[in-house]
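Here's the structure we're looking at; comments come further down.
The values are calculated or read from the model by the stated rules, or taken from the named source; none is laboratory data. Computed from a predicted model, the values in this text were never measured in an experiment. Every residue, glycine as well, gets a Cβ built from its backbone with ideal geometry; the counts of neighbours run over all protein chains shown.
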There are 4 protein chains.
Amino acid sequence: MKTLKFGLIGTGFMGKAHAIALKAAPGVFSLPAIPVCELLADVDEAAAARKATELGFARSTGDWRMLVQDPDVDVVDICAPNFLHKEMALAAIAAGKHVYAEKPLALSATDAAEMVAAAESVGVRTLVGFNYIRNSATQLAREIIASGEIGELVHFRGRHNEDYLADPASPLDWHTRRTTAGSGALGDLGSHILNMAEYLTGQRVEEVFGQLQTVTTRRPLADGSGGFGTVENDDHAQALLRFDSGLIGNIETSRIATGRKMGLAYTVTGTRGSLVFDQERMSELQLYTSEGPEGRRGFRTLLIGPEHPDYAAFSPAPGHGLGYNDQKIIEIRDLVEGIVSGHPLYPDFREAWRVNRMIDAIETSHAEGRWIRI
Amino acid sequence: MKTLKFGLIGTGFMGKAHAIALKAAPGVFSLPAIPVCELLADVDEAAAARKATELGFARSTGDWRMLVQDPDVDVVDICAPNFLHKEMALAAIAAGKHVYAEKPLALSATDAAEMVAAAESVGVRTLVGFNYIRNSATQLAREIIASGEIGELVHFRGRHNEDYLADPASPLDWHTRRTTAGSGALGDLGSHILNMAEYLTGQRVEEVFGQLQTVTTRRPLADGSGGFGTVENDDHAQALLRFDSGLIGNIETSRIATGRKMGLAYTVTGTRGSLVFDQERMSELQLYTSEGPEGRRGFRTLLIGPEHPDYAAFSPAPGHGLGYNDQKIIEIRDLVEGIVSGHPLYPDFREAWRVNRMIDAIETSHAEGRWIRI
Amino acid sequence: MKTLKFGLIGTGFMGKAHAIALKAAPGVFSLPAIPVCELLADVDEAAAARKATELGFARSTGDWRMLVQDPDVDVVDICAPNFLHKEMALAAIAAGKHVYAEKPLALSATDAAEMVAAAESVGVRTLVGFNYIRNSATQLAREIIASGEIGELVHFRGRHNEDYLADPASPLDWHTRRTTAGSGALGDLGSHILNMAEYLTGQRVEEVFGQLQTVTTRRPLADGSGGFGTVENDDHAQALLRFDSGLIGNIETSRIATGRKMGLAYTVTGTRGSLVFDQERMSELQLYTSEGPEGRRGFRTLLIGPEHPDYAAFSPAPGHGLGYNDQKIIEIRDLVEGIVSGHPLYPDFREAWRVNRMIDAIETSHAEGRWIRI
Amino acid sequence: MKTLKFGLIGTGFMGKAHAIALKAAPGVFSLPAIPVCELLADVDEAAAARKATELGFARSTGDWRMLVQDPDVDVVDICAPNFLHKEMALAAIAAGKHVYAEKPLALSATDAAEMVAAAESVGVRTLVGFNYIRNSATQLAREIIASGEIGELVHFRGRHNEDYLADPASPLDWHTRRTTAGSGALGDLGSHILNMAEYLTGQRVEEVFGQLQTVTTRRPLADGSGGFGTVENDDHAQALLRFDSGLIGNIETSRIATGRKMGLAYTVTGTRGSLVFDQERMSELQLYTSEGPEGRRGFRTLLIGPEHPDYAAFSPAPGHGLGYNDQKIIEIRDLVEGIVSGHPLYPDFREAWRVNRMIDAIETSHAEGRWIRI
């Protein structure tokens, strides 16, 4: 059986999610190659070794530069902090490796552009982990929209709100620093909903008008010294959108949305129907259509089942529910199939670059108080 | 028992809602004066007579100018189409009558300003029918916000979306003409959510950035001729907001939001909690607070009951539910008490004028592509 | 205009609800006779007088026996405690008055049978206030079931749970005494869901198997003496049902269902669809049908609107919501129309007697541990 | 690293779910032994071989008797149809293997008793796959109940309803035959909710009163001959329960509950709070407590997060959602830990035997029309 060997950089939240999915994917899908957990890197060599055992990697290293050079690594999987994506990806590309990176691709559109150019000139395959678009319910939403079931689109509303920094007493960390995170909620969470807006509608965002705000401008230092430091990026942001077809919409993103844990949600309105989705109820999609007698119309709850994209591989029985990690399993399937078949991967670096351009445009719009074209 | 005699102009949807509430209010509340259905006006004299019997008015007339002059009318209640509000209100004020008018107050801020000046110079009392702010759940939301239970506000999101013109084949009518309606969804529905934004937060909207769109630019003529005419105002609109405290937010309004029947909804986020409300479930309010252990936090559904504003007058038992007309009964109570006591009425013409100014500012912003101060 | 003069006995919760509805009904519906609030009785003569002013009754009395004899009273409206229903109704019937009584009709089936016999021999009209069956959403449910839209019925599940005695420290009151209330939750709340079971299905409950329980067997005396007394009836009850068609189902009722405020709810399952309703969201009905492609099926939320029974009289706009008191307004409409037209009233004393028989059968079944036929 | 070698019998729905979980578990949890997919059996030898490749098993066989004897198999994992459980389990036990079996354990309590005796005399470890009790939200429910947070329990309501045979035209299959399935919905789905009732409450069901019904008594033969055959077991069932503490409750189960896909749901009511759960929204639990001011009480939606049982191993971020297969991963963790540590496994054969006894008692009760003790 053909294999595809993964070198994973990073052992945090996303590193573990990738490891789980790499192991689970072949049980769920019939893959053209079996992903192998080959090499795990972490800055802390001992931690890397311990985590390698825990997560089931064959080898470990304390030096990511060794990993990207390792001849037994086919795919470099970057789950390190955002500000390291560029350097790692460029090194991996230079070594001729395929690159699977977490989002956002880069801290700025300029950096992202450089990464796109490198990947395309070398010809390696790339995929960026906007995993929420793999969710069965969201794939279904795209299908329904593309099929015309809800008519012509007239409005898109999206948000990705969480509350991990809602408490003003939460200390400064890498999220709050420009050099490590770039923008704040906008890059961390907003990137998902901006990508989602284009994925769902099948249209391009052409113009944005943005507003950002840092609500808690100073936070305690994480060192416990009792001192305070400055928050360098946005706590939340909102933007009006105009797509290339003329469709309008808006997005919101926040890391201080008290009560929201996984608040990616969208409402897509068409001339003959509407869709409403909330990732906190990730296995259901609300659909309204203007069909049948008026007195029998209403938003209906579609529970995801085997008729819907990718669900049947997990269970033949409807309504049994997918979880967060299942999205990553689907992503791994797409990655493996794409690499083996040579078919396009979505979203690749070029597509993820668009997200960085939208983020930058929203920031520019905020600064200049005017619409900005992407 | 003291009475307050009402002269009602208009026998349509809102005319009937006012009539129902005028009759029901004294059964629900102990009022300082009993509202009396004295005189009903409609352009069609026969219809006025028939409706007067139906709705329980003592007398009727085909001429609203007679009504505003009638010595036995204490309050002129204007439920006629929006474009007539100004002329009727000015005549009523000139005759020294108190004026109770439906929203939006006027087709433009300039007209509204004239009405405010007239009312204030004569000294009559005025109230504008933004009835959704009377709903027990929404009064509760305001109470919770004002008490600081959810901390400092960090974000306001509101919408008032319906779908009465979602079908592109729906014909032109008074809603779609500039001269009869002024703006489209923005004036008809957006006026509610703009007023709500200030009511709930207790803050003033200071700056807006707006975007309007007419999605269906041509619609069939209502005469059945097969011809088409031009839609003259917005099908939907959205705006970013900045309040005087620095709070930011956004609003949406639409008459083409397929599937939404009574889609007034808001989410108010604070540093220590959040509120979520949807008028389609008008007797419940979702409250999240950052209290207690993390594992026991969640949005809770408060069913409106006797502990909440104005509910006990309708029922001593919790969760039994209020309806749309009950909001109007509360509005009538406020009107009668305000007139008899001389206490301030909210929202009076001056307050409703603000709504017209916000509407105009959103239109200007759209035209000029920049933030506009109110 | 023809009138119908009401003599109302009782000034508590239900008395006020009746008064509100009597006043509001002619504004909502075109009635063949105007209900008039003629005479109000309360054991406390002063309270009767004060309440008469408040609720808008022309006259008052401290003696309900005078009221039932009063020549100017056409309809005796009984909102007094349950144990008085029989005596009052028999007196009213003897005086030739129509009788409108709150539920449950009587403390036992034997008493109810006597009341039925009296009313039928004299020929007066009767109506019992099972108001929840008037709710527009529930009328719609019956329509959908009767039309065959959800196929043949296969199961009925109903409950009416509240929590007014959930706190074990709540004192003894009339609810907890056999002589004043008869059964406990079963009579007070279960009566609604038993009536609902037959109303919705259009079938007769033929056999029941019941289980009752008094969870808090002793409660504080209401006199504040610090003493305790015995609770004499059920805190909650549940029963299995067999209808005459062979349909099976179950009901639950409770006054100690912590968290439930207005927990009347039902699920009706058919071979081709299902309905789910919860009175806490009284203006919506969930409908599932086995139509269309499998991947597009789901429970849909029907928001009550003008296409549905009786809604249009309250509002021409869909989704605006009805409240508890609106059910009573519909009940008054049915009462007035029935009396004027001579058409059947539902549920009349005979029908309400069935409910008492079901209650008694559930108690007998509990005592004997076997199925009991109605 | 220590391993535990699995021999899996059955390649259908549950076989695949087990395979996915066996592979994924070591990525999610730090296990004391790594489960190894050693040997896969299916009656069809070729299918076994193909599936072994697909699901990642080292070897395959067409003869389950070989599997249970295989010296390299530590645990026999039985995902074959219910009627084979007994024979397979007895053979595996005789071979000294630990047994992990799907539910229901057996077709009757008598068979189950024999299996318990065999396992206990040999001393092998057993676990039965009532996987829904592993769901994080349900583990949380048990924790809340056990801690006394909702006071003394007063009522349990549970159901497990699906609609896989709702269509009367669905043909006969193994579910509908007594010899292959034993009871119908009651054994297939009701077994889950009966186990759940004891798991959640920590109490024993002592007495049941049951009612079963076969709604569609004849169904088409599966051979496409156009002929019809008899359905031999229940389409749905309901029962009243009495627990050993005196607590009462009821359960429902159905395979014809049109619209329900994964309708395992429960409501547990206590003197100071209540819990409501629905597996169709498996990552949330509704909690009501009688704490704080009355006007701030309501059912709150707890989104499962890292503070709750077993969630953190899947994700450090709250609200990201678990899926059906994640329950099986937790079950595998419990199985591996239990076998390695020697600690008790729940529910083992003895515990699952109770479920069979409850099922049999419900059938007996139905036949005899009286309460039956377990």
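A single member of A:GLY210, A:GLY202 is farther than 22 Å from B:HIS155 by Cβ and either within 11 Å of another protein chain (Cβ to nearest Cβ) or surrounded by fewer than 19 Cβ atoms within 10 Å (Cβ to Cβ) (or both), and it is A:GLY202. For the range A:172-189, a residue qualifies if it is in a helix (DSSP H, G or I) and either not aliphatic (A, V, I, L, M) or not assigned by TED's automatic domain parsing to the domain that holds A:THR364 (or both), and the qualifying residues are A:TRP174, A:HIS175, A:THR176, A:ARG178, A:THR179, A:THR180, A:GLY187, A:ASP188. Taken together, D:GLU120, D:GLU149, D:GLU102 contain a single residue that is surrounded by 20 or more Cβ atoms within 10 Å (Cβ to Cβ) and among the acidic types (Asp, Glu), which is D:GLU102.
Only a single item in (1) in a loop (DSSP other than H, G, I, E, B); (2) more than 14 Å from chain A (Cβ to nearest Cβ); (3) crowded, with 22+ Cβ neighbours inside 10 Å is not met by D:LEU240, and it is number (1). For D:ASP173, the conditions (1) of a type in the set (Asp, Glu); (2) surrounded by fewer than 16 Cβ atoms within 10 Å (Cβ to Cβ); (3) within 14 Å of chain C (Cβ to nearest Cβ) are fulfilled apart from (3). Considering (1) away from chain C (no Cβ under 12 Å); (2) touching an Asp or Glu at 6+ places or on another chain (Cβ under 7 Å), the lone condition that B:GLU307 does not fulfil carries the number (1). Residues of the range B:299-321 being more than 26 Å from B:ARG272 (Cβ to Cβ) and without any contact (Cβ under 8 Å) to a residue 60 or more places away in the chain, which ones? Residues satisfying the conditions are B:PRO306, B:ALA312, B:SER315, B:PRO316, B:ALA317, B:GLY319, B:HIS320, B:GLY321.
Considering the range B:290-304, the residues that are more than 19 Å from C:GLY263 (Cα to Cα) and out of contact with any Ser or Thr (no Cβ under 8 Å at 6 or more places or on another chain) include one that is nearest to the other protein chains (Cβ to nearest Cβ), namely B:GLY295. Quick check: is even one residue across the range B:29-43 at pLDDT below 95, touching a Ser or Thr at 6+ places or on another chain (Cβ under 8 Å) and closer than 23 Å to B:GLY323 by Cβ? Checking the range B:29-43: at least one residue is at pLDDT below 95, touching a Ser or Thr at 6+ places or on another chain (Cβ under 8 Å) and closer than 23 Å to B:GLY323 by Cβ. Scanning the range B:217-235 for residues that are at pLDDT 95 or above and either surrounded by fewer than 19 Cβ atoms within 10 Å (Cβ to Cβ) or hydrophobic (A, V, I, L, M, F, W, C) (or both) turns up B:THR217, B:ARG218, B:PRO220, B:LEU221, B:GLY227, B:PHE228, B:GLY229, B:THR230, B:VAL231, B:GLU232. Taken together, the residues in the range B:51-81 that are at the interface with chain C (Cβ under 10 Å from one of its Cβ atoms) and surrounded by fewer than 23 Cβ atoms within 10 Å (Cβ to Cβ) amount to 3. The residue that is nearest to B:PRO293 (Cα to Cα), counting only those in the range A:243-284 that are without any contact (Cβ under 8 Å) to a residue 60 or more places away in the chain and within 14 Å of chain D (Cβ to nearest Cβ), is A:GLU280.
Is it true that some residue in the range D:188-203 is farther than 30 Å from C:ILE256 by Cα and in contact (Cβ under 8 Å) with a residue 24 or more places away in the chain? Checking the range D:188-203: at least one residue is farther than 30 Å from C:ILE256 by Cα and in contact (Cβ under 8 Å) with a residue 24 or more places away in the chain.
When the range A:199-224 is filtered for residues that are in a helix (DSSP H, G or I) and more than 13 Å from A:ARG242 (Cβ to Cβ), the ones remaining, listed by number, are A:TYR199, A:LEU200. C:SER245 falls short of the stated requirement of being within 17 Å of the chain's Cα centre (by Cα), modelled with pLDDT of 95 or more and not assigned by TED's automatic domain parsing to the domain that holds C:LEU105.
Tell me, yes or no, whether the range C:330-347 has at least one residue that is at the interface with another protein chain (Cβ under 9 Å from one of its Cβ atoms) and of a type in the set (Val, Ile, Thr). Checked the range C:330-347: no residue is at the interface with another protein chain (Cβ under 9 Å from one of its Cβ atoms) and of a type in the set (Val, Ile, Thr). Restricting to the range B:310-328, and then to whatever is within 7 Å of another protein chain (Cβ to nearest Cβ) and of a type in the set (S, T, N, Q), can you tell me which residue is nearest to D:GLU294 (Cα to Cα)? Here the answer is B:SER315. Here C:THR3 meets the list (1) within 15 Å of B:ILE20 (Cβ to Cβ); (2) among the β-branched types (Val, Ile, Thr); (3) surrounded by fewer than 19 Cβ atoms within 10 Å (Cβ to Cβ) almost entirely, failing just condition (1). What number of residues within the range C:315-344 are touching a Gly at 6+ places or on another chain (Cβ under 6 Å) and surrounded by fewer than 20 Cβ atoms within 10 Å (Cβ to Cβ)? Final tally of qualifying residues: 0.
Taking the range A:268-286 as the range and being buried (at least 23 other Cβ atoms within 10 Å of the Cβ) and in a strand (DSSP E or B) as the test, the residues that pass are A:VAL268, A:THR269, A:GLY270, A:GLY273, A:SER274, A:LEU275, A:PHE277, A:LEU285.
In the range C:122-133, the count of residues that are of a type in the set (D, E, K, R) and either more than 21 Å from the chain's Cα centre (by Cα) or assigned to a helix (DSSP H, G or I) (or both) is zero. Of the residues C:PRO26, C:PRO81, C:PRO32, only one is over 21 Å from C:ASP348 (Cα atoms), in contact with a helix residue (DSSP H, G or I) (Cβ under 8 Å, 6 or more places away or on another chain) and of a type outside the set (A, V, I, L, M); which? When all the criteria are applied, what remains is C:PRO26. Filtered by the rule that a residue be out of contact with any helix residue (DSSP H, G or I) (no Cβ under 6 Å at 6 or more places or on another chain), within 14 Å of chain D (Cβ to nearest Cβ) and among the aliphatic types (A, V, I, L, M), the range C:213-237 gives a lone residue, C:VAL215. Under the condition of being part of a loop (DSSP other than H, G, I, E, B) and either surrounded by fewer than 22 Cβ atoms within 10 Å (Cβ to Cβ) or not assigned by TED's automatic domain parsing to the domain that holds D:ASP326 (or both), the residues counted in the range D:287-297 number 4. If you go through the range A:141-171 and pick out every residue that is farther than 12 Å from A:ALA185 by Cα and in a strand (DSSP E or B), you end up with 6. Restricting B:ALA146, B:ALA166, B:ALA185 to residues that are at pLDDT 95 or above and away from chain A (no Cβ under 13 Å) narrows the list to B:ALA146.
Of all residues in the range B:299-347, none satisfies the criterion of being closer than 19 Å to B:LEU285 by Cα, in a helix (DSSP H, G or I) and touching a Leu at 6+ places or on another chain (Cβ under 7 Å).
The rows are residues; the columns are (1) in the same structural domain as A:LEU165 (by TED's automatic domain parsing); (2) of a type in the set (Phe, Trp, Tyr); (3) more than 20 Å from the chain's Cα centre (by Cα); (4) closer than 13 Å to A:ARG177 by Cα.
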| position | (1), (2), (3), (4) |
| --- | --- |
| A:ALA222 | yes, no, yes, yes |
| A:PHE228 | yes, yes, yes, no |
| A:LEU241 | yes, no, no, no |
| A:ILE251 | yes, no, no, no |
| A:LEU264 | yes, no, no, no |
